[in-house]
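The values are calculated or read from the model by the stated rules, or taken from the named source; none is laboratory data. Small disclaimer: the values here were computed from a predicted structure and weren't measured. Quick reminder, even Gly has a Cβ in these numbers, built from the backbone with ideal geometry, and neighbours come from all protein chains shown. We work out accessible area using only protein heavy atoms, side chains counted, and drop any ligands, DNA or RNA first. Shrake-Rupley method; radii C 1.70, N 1.55, O 1.52, S 1.80 Å.
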Amino acid sequence: MGTKILKNGTVLAFDDKLATVKVLPQAHVIIEDDHITAILEPHEAEENTFSAAEVLDVTGHIVSPGFVNTHCHTWQTAYRTLGPDITLAQYFGWVSQRAANIDEWGAQDIYISSLEGYLEGINAGITSYVEHAHCNWGEHVMKAAFDGAIDSGARIWWCYHPVSRAGFDAEKQIGILQELRSKTSQKDDLIRLGLAVDGLDGMSAEEIQQTKQAAIDIKAEALTSHYLGGPWPFAKDLVNIAEKHELHKLEVPYIWSHAGFLTSTEMDSLRQHDQYVSITPESEMHYGHGQDTSRLIHDQAALGIDTNWTFSHDILLQARLWLQNMRGHCSTEILKRGKIPKQNPMAVVDAFLLATRNGGRSLRRDDIGVLKVGAKADIVCFDGSSVNMLGWTDPVAAVVLHSNIGDIKHVMIGGQFRKKNGQLVLKSGNWEDVSERFKQTSQRIQEAFRHPPPLPEAAWGRQTFEDNAKVTTAKLTDRS
């Protein structure tokens, strides 16, 4: 791929000694093939630095590490805007992989929906994904989702959830995973295989042992599970179950998604085994998952999107939402005690690190989510002269609090441009074809899933429902 240089930008490098961002004004990022070989400050550049290289002048730009999405279900993208007011209780019977009419999804639907979802994220500066792939109702959709990941050009830990379905048992799915592994190569290390589990508490000891063996057989590079806790009647006590079955002895990165009601014992376990939670702020608010204790384990936390069909595939937005949610929550607690907050409880740089460095740490990768020598060349360039960013003096604050997707001019993944001068650069196909195919799939799929089934009397036959108080703009005289 040769040498590329991003010249004269404000670089948000990572300082390993201080474990935080180091701002380098007017610096040059030198890229060889898929990784960073040097970050030079102005006085370090020599006359021949820019010879025999592809040089992109990024003067006035803020050069950031690519963002890491540690939880998503990208195959669902074609549902976009179908359920703007959906709750988690409605989700399972309506649009999940367990929906009664899930066979409406064909291979080409899954492929184009997955591909467009990854492209949406790349456009927003996401360069790495942990995909919780629970499209497990048939070999055709399983393979199509994997092909969509490969063709996206993104860096993806593709964690598939094998579970026995009618005519498609778990053993067969694990065998296909071993076949898919042959599609990955040493030359193109963007796709890594892993395993996902929706909820360990719903599995027998035999099934958990089967999952452990599958992780060994496919040489899984990540494991991920949903965790909810609190009043939810499923996906709870997972960390205790994981300890009982010694999943940590697989020595594979483990990410628990949502984790809104962690106990102190569970937090201790996560720290002991270096396991992470993926906080998905917008999802947890939108669906009503709830979020109570993840703020207490930021040292073992990263950020995710969850279902990008219900809101945008923008990790920076998640970082901003979580930052301000934490500030509001902590300050309100002080105000309720009749006192005044003295300082903000969470700094902007911590929100930035949750979206970048901590994403890499959750995967035990020191070369992901950072700009430093030896790191993967996964890079995002923001136009610092845009109307909403102009005048910045703190580049991290400019990115976290003032930027939007339109400010992202360049995105590089593994040394390859996937967005350049504001336009997507597709690895496979062209945008016009992808766009047209996606619109056709989206229209057909949404029509097939237009009407949600009624909720049962009790959630999962165990938990009672309670009406939420309506918050409305209607005047009192308009309500009836």
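Helix 139-152 and the long axis of the chain differ in direction by around 20°, with both axes built from C-alpha atoms.
A 1.4 Å probe run over the stretch 67-366, with the rest of the protein chains in place, finds 36 Å² accessible per residue. Within the full protein context, the accessible area of His28 is estimated at about 10 Å² for a probe radius of 1.4 Å.
Each label was represented as a point 7 Å from its Cα along the Cα-to-Cβ direction; for Ala107 and Gln423 these points are 3.3 nm apart. Rolling a 1.4 Å probe across all protein chains gives Glu333 an accessible area of roughly 70 Å². Among His43, His73, His329, the order of accessible area from largest down is His43, His329, His73, computed with a 1.4 Å probe on protein heavy atoms.
Helix 205-217 and the longest principal axis of the Cα set of the chain meet at an angle near 30°.
Return the calculated 222 nm mean residue ellipticity for the chain, to the nearest 500 deg cm²/dmol, obtained by summing -39500 (n - 2.57) across DSSP H runs with n ≥ 4 and dividing by the residue count.
Values: 12 runs with 139 residues, N = 480.
Calculated at 222 nm, the ellipticity per residue is -9000 deg cm²/dmol.
Of Glu120, Glu44, which has the most accessible area with a 1.4 Å probe, and how do the rest follow in descending order?
Values: Glu120 45, Glu44 85 Å².
Largest to smallest exposure gives the sequence Glu44, Glu120.
Think of the chain as having a plus end and a minus end, set by charges on the Cβ of Lys, Arg, Asp and Glu; of Thr307, Ala469, Pro233, Ala469 sits farthest toward the positive end of this dipole. Applying 1/(1 + (r/R0)^6) with r as the Cβ-Cβ distance of Ser264 and Gln343 and R0 = 35 angstrom yields a FRET efficiency of 0.90.
Using only the C-alpha atoms of the stretch 394-480, find the volume of their convex hull and express it per residue in Å³. If you can, show how the numbers build up before the last one.
Numbers: hull volume 27.8 nm³, N = 87.
That works out to 319 Å³ per residue.
Stretched out straight at 0.36 nm per residue, the stretch from Asn388 to Ser51 would grow longer than its current Cα-Cα span by 117.8 nm.
Can you send over the carbon and sulfur percentage of the accessible area for the stretch 67-366, probe radius 1.4 Å, protein chains only? Kindly include the intermediate steps, with their values, before the conclusion.
Numbers: 5240 of 10740 Å².
Carbon with sulfur: 49 percent of the solvent-accessible area.
Taking the alpha-carbon distance from Lys22 and a cut-off under 17 Å, which lysines remain once sequence neighbours fewer than 8 residues away in the same chain are dropped? Result set, ordered by chain and number: Lys372. Computed from Cα atoms, the angle from the helix 170-181 axis to the main principal axis of the chain rounds to 10 degrees. Put a dot 7 Å past the Cα of Phe465, heading toward its Cβ, do the same for Arg327, and the two dots end up 3.7 nm apart. Restricting the calculation to Cα atoms, the chain shows an Rg/Rh of 0.97 when the hydrodynamic-style radius is the Kirkwood one. Largest first, the residues Lys470, Lys439 sort by 1.4 Å accessible area into Lys470, Lys439. Overall, the stretch 67-366 carries a charge dipole of about 980 debye about its Cα centre when +1 sits on the Cβ of Lys and Arg and -1 on the Cβ of Asp and Glu, all other atoms neutral. Pairs to check: Lys439/Lys470; Lys342/Lys470; Lys4/Lys143; Lys172/Lys419; Lys143/Lys470; Lys219/Lys376. Give those whose C-alpha atoms are more than 32 Å from each other in this structure. Result: Lys439/Lys470; Lys342/Lys470; Lys4/Lys143; Lys172/Lys419; Lys143/Lys470 exceed 32 Å. Solvent exposure of Thr356, expressed as accessible area, is near 0 Å², computed with a probe of 1.4 Å over the protein chains only.
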